[in-house]
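Readers should treat all values here as calculations from the given coordinates under stated rules, not as data from a laboratory. The shown structure was predicted, so the numbers you read here are calculated from the model rather than taken from an experiment. Cβ placement follows ideal geometry from the backbone for every residue including glycine, while neighbour counts extend to all protein chains displayed.
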Amino acid sequence: MTPFDPLETRSQDARCADYAIALPKVVAAALKAPAMAAHLGKVDAGQIIDRAALSRLPVLRKSDLTGAQAANPPFGGLMAGGPTAFEHVFQSPGPIYEPGRVSPDWWRLGRFLHASGVGHGDIVQNCFSYHLVPAGMMFENAARAVGATILPAGTGQTELQVIAARDIGTTAYAGTPDFLKIILDKADEMGITLSITKAVVGGGALFPSLREFYAARGITCRQCYATADLGNVAYETDAMDGMVVDEGVIVEIVRPGTGDPVPEGEVGEILVTTLNTDYPLIRFATGDLSAVLPGHSPCGRTNMRIKGWMGRADQTTKIKGMFVRPEQVAALVAQHDEIHRARVVATRNGEKDVMTVQIETRASNPALYETSVLSTLKLRGKVELVPPGSLPNDGLVIEDLRRYD
């Protein structure tokens, strides 16, 4: 293994010593922002030098971001400086506004691409969205960090994607796990052979059957765990033994709904502290579940490993690369007096996500609700009408029936 930089192979003692320098700077940067200062309360930044001290700080949740930003747009006083302090401003569903920079590997995804064998001489077809959300720019920034050439393809236009990949000789794909299969299937239909041998994916679950499909096509597929707020959190390596935590964050696994760390190996919610003074998020609750793996990765990287994504601590579910949240389902119900309850069910059809929206109503025409489903959930799905009282009385409004093993 050739490391991306010396940070990946440093000793744990060296990593802790570096945390003792970086953490006070991050907390001090956060305290300069009014909303973060109010959230953290009376804290001496100089005393936050290790995980134990960090664990005593309050948890920051996505609802805190949305609430602060709604009251004081766009950034809600969560960081020093307004939108003109950054080269990019993005909008994610919520809406939540995130900053971005063009400085080298600002989101730290270059480390993931390097671990996946992407670098100088590769042409990366970047099929993450460039529209409002940061994913497209995150992976473009990463490809630049490793010296690759980028085709900013974005989403959709499958036939044009195939033609471009053929004409320029694309060697690597970046995007959601299932869109590459759509491109490959279209290429087969068009009688075109592509040169893609590497895939770096995120934004959705990489199911084992899909990874095996790519492997059979001679494509090595690796996934990362990253978010619009945090950048890269963890990533797969050639060892294929869990996900190595990125060097630019500190990850804690805590009991869901609390900030209390759980024992190693126990499943809990992922909290992330970024070591980025531009956008210092401290103990940010992702809502995702995972667990710490013991020991170090066989690949030689020495940071903590996590099992990867193991579900949600709440009912929020990612379908077709987009989050669907309980409050969106509530908004759908509120739009129609005749709807008693609704439930979103996520399933798979082959290698594609399927969303079915079950609606308790006495109405008989599903088409009546298709527009409302699209406007509230931001996705098209099958509408299934069921009689009032037929949905289980278990509090679930989003049910994920997909298998992740």
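Close amide H contacts of Leu293 (hydrogens built in the peptide plane, cut-off under 5 Å, sequence separation of 5 or more or a different chain): Arg305, Ile306, Lys307. Cross-link reach is defined here as a Cα-Cα straight distance under 22 Å, omitting same-chain residues fewer than 8 places apart; for Lys378 the lysines meeting it are Lys62, Lys318, Lys320, Lys352. From helices alone, the chain scores -7500 deg cm²/dmol at 222 nm; the rule is -39500 (n - 2.57) for each run of n ≥ 4 DSSP H residues, then divide by the residue total.
Overall, the anisotropy analysis places the chain in the oblate class: the square-rooted eigenvalues a ≥ b ≥ c of its C-alpha gyration tensor yield a/c not less than 1.5, with a/b not exceeding b/c.
What the phi angles of the range 92-100 give under the Karplus curve with 6.51, -1.76 and 1.60, with θ = phi - 60°, is a coupling list of 10, x, x, x, 10, 9, 10, x, x Hz, glycine and proline written as x. The HN-Hα couplings worked out from phi for the range 171-186 by the Karplus form 6.51 cos²θ - 1.76 cosθ + 1.60 (θ = phi - 60°) are 10, 9, 10, 10, x, 6, x, 8, 5, 4, 5, 4, 5, 5, 5, 5 Hz, whole numbers, x standing for Gly and Pro. Rounded to the nearest 0.05, the FRET efficiency derived from the C-beta distance between Asp185 and Glu264 at R0 = 56 Å is 0.85.
Computed extension gain for Thr197 through Ala85, at 0.36 nm per residue and net of the alpha carbon distance, reaches 36.4 nm. Straight-line cross-link partners of Lys198 among the aspartates and glutamates, defined as a Cα under 19 Å from its Cα and at least 8 positions apart when in the same chain: Asp122, Glu140, Asp167, Asp178, Asp185, Asp188, Glu212, Glu236, Asp238, Asp241, Glu351.
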